[in-house]
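To keep things clear, I will list the structure first and then write my remarks on it.
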Amino acid sequence: MSEKAKKFQKEREQLNEAILARDDINIKRFFGIDGAVYREGALDAKTKEMLGLVASLVLRCDDCISYHVIQSKQAGVKEKEFDEIMSIGLVVGGSITIPHVRRAYQLWKELQD
């Protein structure tokens, strides 16, 4: 995994720990739901990560995109599948997603090394 991806994951974990250390049941419930929806179910985890990545592109959330690029790679998404994910996100999100698609490809390339 690239240093950029490792740094991203470490920071995300530290910030999540700080948030979850708070005494707020609603935040904890939301975080629990977020984790639960990506587990194996009627759809496999790989498919769910691909869906999460498309949604993140359309919403233009760079942190979300980075997270789902890393998770997609770990879930076994292949090069051609990644291209199709990017194509769907671009078509649904429009040209405004191009900068996000660029950064997604940059991270994907770093994960290949």
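Couple of notes before you dig in:
- Straight Cα distances below 25 angstrom link residue 10 to the lysines 28, 46, 48, 73, 78, 109, with same-chain residues fewer than 8 positions distant left out.
- Averaged over residues, the count of other Cβ atoms within 10 Å places the peptides 54-60, 23-29, 64-70 in the sequence 64-70, 54-60, 23-29, highest first.
- Among 30, 65, 101 the positive-end extreme of the charge dipole of region 3-112 (Cβ point charges): 101
- Residues residue 4 and residue 96, FRET efficiency given R0 of 22 Å [Cβ-Cβ distance, rounded to 0.05]: 0.40
- Coupling constants for region 100-109 follow from the phi torsions by the Karplus curve (6.51 cos²θ - 1.76 cosθ + 1.60, θ = phi - 60°), and in residue order they are 6, 5, 4, 5, 5, 5, 4, 5, 4, 4 Hz; glycine and proline get x.
- Most mobile listed residue (76, 35, 93) in the chain, GNM with C-alpha springs under 10 Å: 35
- Förster radius 30 Å - calculated FRET efficiency between residue 42 and residue 106 (Cβ-Cβ, nearest 0.05): 0.35
- Using θ = phi - 60° in the Karplus curve 6.51 cos²θ - 1.76 cosθ + 1.60, the 3J(HN,Hα) couplings for region 3-19 round to 4, 4, 5, 4, 4, 4, 5, 5, 4, 4, 5, 5, 5, 4, 4, 5, 5 Hz; x is entered for Gly and Pro.
- Close amide H partners of residue 38, meaning residues 5 or more places away or on another chain with modelled amide H under 5 Å apart, do not exist here.
- Distance from the C-alpha centroid of region 15-65 to that of region 80-98: 20 Å, rounded to the whole angstrom.
- Between residue 64 and residue 30, full extension at 0.36 nm per residue minus the direct alpha carbon distance yields a gain of 10.7 nm.
- In order along region 63-74, phi translates into HN-Hα couplings of 4, 5, 4, 4, 4, 6, 5, 4, 5, 5, 4, 5 Hz, rounded to whole numbers, per the Karplus curve 6.51 cos²θ - 1.76 cosθ + 1.60 with θ = phi - 60° and x for Gly and Pro.
- A crude spin-label estimate for the pair residue 88 and residue 14, with each label 7 Å from Cα along the Cβ direction, gives 3.5 nm.
A short reminder: the numbers here are calculations on the coordinates, not readings from a lab. Please read all numbers here as calculations on a predicted model, not as lab measurements. As a convention, Cβ positions derive from the backbone with ideal geometry for all residues, glycine included, and neighbour counts pool all protein chains shown.
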